[in-house]
Amino acid sequence: MELTLRYPNKEVQASLNDSLLQALSQDPMVPARNVSRLYDILIANDIPAMKVLFHSFYASIPHDWYRKNQLANYEGYYASIFYSYFASLGLEIHLEDPTCKGQIDMTVRFNGHIYLFEFKVVEMTPEGSALEQIQTKGYADKYRQYGEPIHLIGVEFSRESRNIVGFDLAEG
C-alpha cells in the first residue's frame, strides 16, 4: 500500500518548512532572519545576494551532522534546503517540474518573475553543468508564454566543502 501525503494549505506547508529550517540551524532565530532576507532578495530580484544567503546558511550547518553518513554526496540534501526556504515563504513552487526534454529541479514563480533552478554535486558531474543543462534542454521554453522575466540559476555544491561552489546565472 502506498500513501501520498500533501499539505492541507500554504500555511501548514510554510510552518513545517520553517520548523525544518530551525532544526537544521539549531538556532530558532536563524531561519526567521534568513527567510525574511530571502523575501527581500526576491522583491529586489537580487539573485547574486541569494548565493550569499545560502552559502552562509550551509556554512552554519554543524560539521558533526556529516559524520557517519553520506548526506554531502546527495543533490537532494542540498536541494531540500533551498526548497524549505522558498516553501517557508508560501511561494508557488514546482519540484521536478516536467518538460518535454527533462525535469527542472525547482521552479519558483513570484512577483512577476520565474526562477528555474538546477542543482548538481560537482564531484558527480562536471562544473558548469547545472546551468548548461537548463540552457541545452530549453527548460525556459515551458514558461515563455507568460511573458515574465525568466531567470536560469545553476547551483553547484561540493561534497568536500559541503557548500555552494558554483552559482551561475543567465536570463531565459
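Any idea which of (1) part of a strand (DSSP E or B); (2) among the hydroxyl-bearing types (Ser, Thr, Tyr); (3) surrounded by fewer than 15 Cβ atoms within 10 Å (Cβ to Cβ) is the one Ser161 doesn't satisfy?
Only one criterion is unmet by Ser161, namely (1).
Here are the criteria: (1) among the aromatic types (Phe, Trp, Tyr); (2) under 30 Å from Lys68 (Cα atoms); (3) over 16 Å from the mean Cα position of the chain (by Cα). Tell me which single one Tyr143 does not satisfy.
Of (1) among the aromatic types (Phe, Trp, Tyr); (2) under 30 Å from Lys68 (Cα atoms); (3) over 16 Å from the mean Cα position of the chain (by Cα), only one is false for Tyr143: (2).
Could you say which residue among Ile93, Ile81 is modelled with pLDDT under 95, in contact with a helix residue (DSSP H, G or I) (Cβ under 8 Å, 6 or more places away or on another chain) and farther than 20 Å from Asn45 by Cβ?
Being modelled with pLDDT under 95, in contact with a helix residue (DSSP H, G or I) (Cβ under 8 Å, 6 or more places away or on another chain) and farther than 20 Å from Asn45 by Cβ holds for just one of Ile93, Ile81, which is Ile81.
Give all pairs with beta carbons closer than 6 Å in which a residue from segment 76-90 that is under 13 Å from Met50 (Cα atoms) meets a residue that is at pLDDT 90 or above; count only pairs at least 6 apart in sequence or on separate chains.
As it stands, the answer is Tyr85/Leu38; Phe86/Ile93; Phe86/Val108, since those pairs meet every condition given.
Please determine whether any residue of segment 68-82 is of a type in the set (Lys, Arg) and surrounded by 15 or more Cβ atoms within 10 Å (Cβ to Cβ).
Pass one, segment 68-82, residues of a type in the set (Lys, Arg): 68.
With the extra rule that they be surrounded by 15 or more Cβ atoms within 10 Å (Cβ to Cβ), the set shrinks to none.
Among the residues of segment 68-82, not one is of a type in the set (Lys, Arg) and surrounded by 15 or more Cβ atoms within 10 Å (Cβ to Cβ), which makes the answer no.
What number of residues within segment 52-69 are closer than 13 Å to Phe82 by Cβ and in contact (Cβ under 8 Å) with a residue 60 or more places away in the chain? Steps first, answer last, please.
Here is the first cut: in segment 52-69, the residues closer than 13 Å to Phe82 by Cβ are 53-55, 57-58.
Filter again for in contact (Cβ under 8 Å) with a residue 60 or more places away in the chain, leaving 54-55, 58.
Looking only at that region, the number is 3.
For a quick check of your reading of the model, give me the residue pairs whose first member lies in segment 105-116 and is within 9 Å of Ile93 (Cα to Cα), whose second is at pLDDT 95 or above and crowded, with 22+ Cβ neighbours inside 10 Å, with beta-carbon atoms closer than 6 Å and at least 6 apart or on different chains.
Met106/Phe117; Thr107/Leu116; Val108/Tyr115
Name the one entry in Asp27, Asp46, Asp64, Asp18 that is modelled with pLDDT of 65 or more and more than 22 Å from Gly166 (Cα to Cα). Steps first, answer last, please.
Working: Asp27 fails: modelled with pLDDT of 65 or more; Asp46 fails: more than 22 Å from Gly166 (Cα to Cα); Asp18 fails: modelled with pLDDT of 65 or more.
It is Asp64.
Quick check on this structure: which one of Val155, Val122, Val108 is surrounded by 15 or more Cβ atoms within 10 Å (Cβ to Cβ) and farther than 14 Å from Met50 by Cβ? Full working, then the answer.
Details: Val155 fails: farther than 14 Å from Met50 by Cβ; Val108 fails: farther than 14 Å from Met50 by Cβ.
None of the other options fit; the residue is Val122.
The values are calculated or read from the model by the stated rules, or taken from the named source; none is laboratory data. Everything quoted here is computed from the prediction, not taken from an experiment. Using ideal geometry, Cβ is built from the backbone for each residue, glycine included, and neighbour counts are taken over all protein chains shown.
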